1. Between residues in segment 63-92 that are in a loop (DSSP other than H, G, I, E, B) and buried (at least 17 other Cβ atoms within 10 Å of the Cβ) and residues that are hydrophobic (A, V, I, L, M, F, W, C) and modelled with pLDDT of 90 or more, which pairs lie under 7 Å by C-beta distance while being six or more apart or on different chains?
2. Which ones in segment 319-340 are open to solvent by 20 Å² or more (accessible area, probe 1.4 Å) and either free of Cβ contacts under 8 Å to residues at least 40 places away in the same chain or touching a helix residue (DSSP H, G or I) at 6+ places or on another chain (Cβ under 6 Å) (or both)?
3. Inspect segment 32-42 for any residue being under 24 Å from Phe484 (Cβ atoms), in a loop (DSSP other than H, G, I, E, B) and of a type in the set (Asp, Glu) and give the result as yes or no.
4. Being out of contact with any Asp or Glu (no Cβ under 8 Å at 6 or more places or on another chain) and either part of a helix (DSSP H, G or I) or closer than 19 Å to Lys69 by Cα (or both) narrows it down to one of Leu4, Leu25, so name that one.
5. Kindly indicate the residue of segment 26-55 that is surrounded by fewer than 20 Cβ atoms within 10 Å (Cβ to Cβ) and aliphatic (A, V, I, L, M) and also nearest to the chain's Cα centre (by Cα) among those meeting that condition.
6. Could you tell me whether any residue of segment 379-390 is crowded, with 19+ Cβ neighbours inside 10 Å and not hydroxyl-bearing (Ser, Thr, Tyr)?
7. Considering only residues that are in a helix (DSSP H, G or I) and more than 11 Å from Ile139 (Cα to Cα), which ones fall in segment 211-228?
8. Scan (1) open to solvent by 10 Å² or more (accessible area, probe 1.4 Å); (2) farther than 28 Å from His371 by Cα; (3) at pLDDT 90 or above; (4) of a type in the set (Gly, Ala, Ser) for the single condition Gly284 breaks and write down its number.
Amino acid sequence: MPKLNYKIIFHLMGLLLLVNGGFMLIAAFVSFITKDGVGLEVSAAALITAFVGVSLMFLTRGHEKEVKKREGYIIVTFGWLFMSLSGMLPYLFSGAIPTLANAFFETISGYTTTGATILTEIEALPKSILFWRSTTHWIGGMGIIVLAIAILPLLGIGGMQLFAAEAPGPSADKLHPRITDTAKRLWLIYFGFTILETIFLKLAGMSFFDAANHAMSTLSTGGFSTKNASVAHWNDKPLIQYIIIFFMLLAGTNFVLSYFAFKGRIQRILKDEEFRLYMSFVIGFSIIAATVMYLNADFTLSSIDHPMVLGRAESAIRHGLFQVLAVITTTGFVTADYTMWTPFLTIIFFGLMFLGGSAGSTSGGIKVVRHLLTIRNAFVEFKRTLHPNAILPVRYNTRSVDRSIIYNILAFFILYMLSWIVGASVLGSLGLDFRTALGGAASALGNVGPAFGSLGPVDNYGWLPVGAKWWMAFLMLIGRLELFTVLILLTPFFWRNR
């Protein structure tokens, strides 16, 4: 096995830090505009981050251009870690989050678009810190799009190869110059959606600052809010919640399909099997949630919406649709404490944590396409028991799926469930009760945000023991980067040079 090309690895780490420092300067600019008193601290964090980035790039100039598989795994994993380590500097320097464990937890929760927070008084924070908090989501969301479309298929991560051939650029088997074009196009769509949602939310009654922050959190399927009550703060303004519902739906959809939509290829979207199943899940579970709430005598408008806005049926539909989408897309926004909506719905929402949005979206979780192909493979195996000599391929979008992809997806499922069980066991050993440990591990691994037990939708993660915070940060990272990408670095054979 050839030696690792450390120069290209550190060069790209430097580039990421430089970009991170640039975004911090924008947060510093927000601080000076709003006069929140932490402009110098945020500027110092930005300059230190950018300086380290430029230094790394300078010291590694003249590197080889080619990125092989092993370098790819390291760049992806350590890229997220470097971003998180530098991204916590504004919190530490400003004193908004003074402890290392809390600052790292909040930062990696931002970059992995999990949205779990240790903060209790969010509205008391300086505006530039709130802006930086939402920006970490937005950067992470952008990174995930490029990761899913351009990088993971090249590393052989199961399921991602399926749409790579139809993506507007990357080749699934080798690095290709069109990857850059793909990234530019998809980032443009991502940026455009963010601007559009900001405008709509502003027109619907949010302040411009709140609108921009929530747009960044929505498109990244992150869930950080500028309000202590999350989106429940605007329960008296249903239009705001419907706008967020629409953009959560878009964010949980494969961004390649958004590209096709702009190209006028609507039939290609409607024929996409993952999109159809994704929409079926959203509609089906939303109807179930709305119906149960409407028929439940304990569900009243006064318990959720302050004024009685549009009526009981509308409220049930809106809150049901909002929370189903928030969990499926792993956005994690909250309009109500859905763990109080009946035990049946609590079980439904717990199950939705393992669903995830579409591949190629900013959402976390297992992803709809993996569920689809696992189910289809099961039916094929049923048929094969009756017809052992028949050639029975698993098909996706009318094409036969290579068996290696099916094996990879099955391995992913097993590894995901094992990671959840081990994750929950460790949390239990650190003092969390059964329900909180199971929910917390599922939420962190799926990058959902709100969990169950003492980590429910109206709670936060600040009370966790320090060890639990570091462990959940690890679960967020492996969940965000599709398990294999991180866990392969823990194997001895990965680091052997022969």
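1. Sorted first by the residue in segment 63-92, then by its partner, the pairs are Met88/Ala103; Met88/Phe104.
2. Filtering segment 319-340 down to residues open to solvent by 20 Å² or more (accessible area, probe 1.4 Å) leaves 321, 337, 339-340.
Of everything in segment 319-340, those that are open to solvent by 20 Å² or more (accessible area, probe 1.4 Å) and either free of Cβ contacts under 8 Å to residues at least 40 places away in the same chain or touching a helix residue (DSSP H, G or I) at 6+ places or on another chain (Cβ under 6 Å) (or both) turn out to be Leu321, Thr339, Met340.
3. Within segment 32-42, none of the residues are under 24 Å from Phe484 (Cβ atoms), in a loop (DSSP other than H, G, I, E, B) and of a type in the set (Asp, Glu).
4. Working: Leu4 fails: out of contact with any Asp or Glu (no Cβ under 8 Å at 6 or more places or on another chain).
Answer to the check: Leu25.
5. Checking each candidate, the answer is Ile26.
6. no
7. As a first pass, look at segment 211-228 and keep what is in a helix (DSSP H, G or I): 211-219.
Of everything in segment 211-228, those that are in a helix (DSSP H, G or I) and more than 11 Å from Ile139 (Cα to Cα) turn out to be Ala211, Ala212, Asn213, His214, Ala215, Thr218.
8. (2)
The values are calculated or read from the model by the stated rules, or taken from the named source; none is laboratory data. Keep in mind the model is a prediction, meaning the values are calculated, not measured. FYI the Cβ positions are ideal-geometry reconstructions off the backbone, even for glycines, and counts take in every protein chain you see. Calculation scope for accessible area: heavy atoms of the full protein, side chains included, ligands and nucleic acids excluded. Shrake-Rupley method; radii C 1.70, N 1.55, O 1.52, S 1.80 Å.
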